[in-house]
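Structure first, commentary second.
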């Protein structure tokens, strides 16, 4: 029991350190940029000639510094960030003032969760099934063809595929809408609403599924299968005369899924940062597009909020995988 407690404690300490380092990096990077959002807003007010009272301007400046967490020296700002994070008060958004960051994230989060959870699970399932079968029958023509397609698709940036799909199926052949998340507004839950949501999410999802399934997931499962099928336990199963389907299901897939499950957990943890470029290309109202707008407008609070979600998602996924992996794989024991 003591060894188990030490193992759990070490993983929790690693989790806390990861979050602290991640938040620190996200705090530092925006402040290295040659841009001050408060002074930019003050300059905009001057440019439109709203008021010229120096006292009022200075009062407004101090209020904005306080609201955006930019008041004081860097150490005070850093402590203020942690105080806000621990109280779940991320402050107002600079680009959508005075709307709170938490409100904007709450609006965008369901779109990203729906799109990326579906896309990641489908691409993981397809990639592993196709990759395992191709790796087992790697002497067949279909396996060589799929491997060639995967090698071509893997280095292609997914946003390039997104642009090609948009140009083909939204512009030349207008089957899907050019962008956005929905066009039906002001109606209750219905089949038309579901179909409208699916139609808008189809191209973004396909642009993530295709390079994922026929890219990394295919190549990794193909490689693992090619290595595992030469091991003694697989050769013994084949010598026993077991059908190929049984060898695949009982001997290969179970061993392939162990490392692939770890990668899936990390991929699901990373969805909280959104599919930035895909969401930008399709103007999809998720966290990725919101993060892009925050970077363009130097919205410190929004960048910190979305980055914190991503850091927590990946860190929690890693922690849970570390704690549960011995239950997934009986050959692994807590040490």
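None of the figures in this text is laboratory data; all of them are computed from the coordinates on show. Predicted, not measured: the structure shown is a model, and the values here were computed from it. Quick reminder, even Gly has a Cβ in these numbers, built from the backbone with ideal geometry, and neighbours come from all protein chains shown.
Distance between the pseudo-spin-label points of residue 140 and residue 263 (7 Å out from Cα toward the beta carbon): 2.1 nm.
Between the Cα long axis of helix 54-67 and the first principal axis of the chain there is an angle of about 20°, rounded to the nearest 10.
Principal-axis analysis of the Cα atoms of the chain puts helix 2-31 at an angle of about 50° to the longest axis. First check a/c for the chain, with a ≥ b ≥ c the square roots of the eigenvalues of its C-alpha gyration tensor; if it is under 1.5, answer rounded, and if not, answer prolate when a/b is larger than b/c or oblate otherwise. Oblate. Computed from the Cα positions only, the extents of region 110-291 along the three principal axes stand at 64, 31, 31 Å, in decreasing order. Annotation: the residues 302, 258, 95, 166, sorted from fewest to most other C-beta atoms within 10 Å of their own C-beta, follow the order 258, 95, 166, 302. When the label point is put 7 Å from the Cα of residue 83 along its Cα-to-beta-carbon vector, which residues of region 54-70 have a backbone N closer than 13 Å? Those under the cut-off are 66-70.
Taking label points 7 Å from Cα along the Cα-to-Cβ direction, residue 254 and residue 168 give a separation of 4.0 nm. Across region 15-44, the residues whose backbone nitrogen lies under 19 Å from the label position 7 Å along the beta-carbon direction of residue 61 are 34-44. Per-residue ellipticity at 222 nm, computed for the chain from helices alone with -39500 (n - 2.57) per DSSP H run of at least four residues, works out to -23000 deg cm²/dmol. Counting other Cβ atoms within 10 Å as a rough exposure proxy, the listed residues 299, 232 run 232, 299 from fewest neighbours to most. Length gained on full extension, residue 149 to residue 239: 29.1 nm, using 0.36 nm per residue less the C-alpha separation. Here the translational diffusion coefficient of region 64-195 follows from Stokes-Einstein with Rh set to the Kirkwood radius across Cα pairs; for 4 °C and 1.567 mPa s it amounts to 65 µm²/s.
As a proxy for reagent exposure, 125, 230 were ordered by neighbouring Cβ count within 10 angstrom, fewest first; the result is 230, 125.
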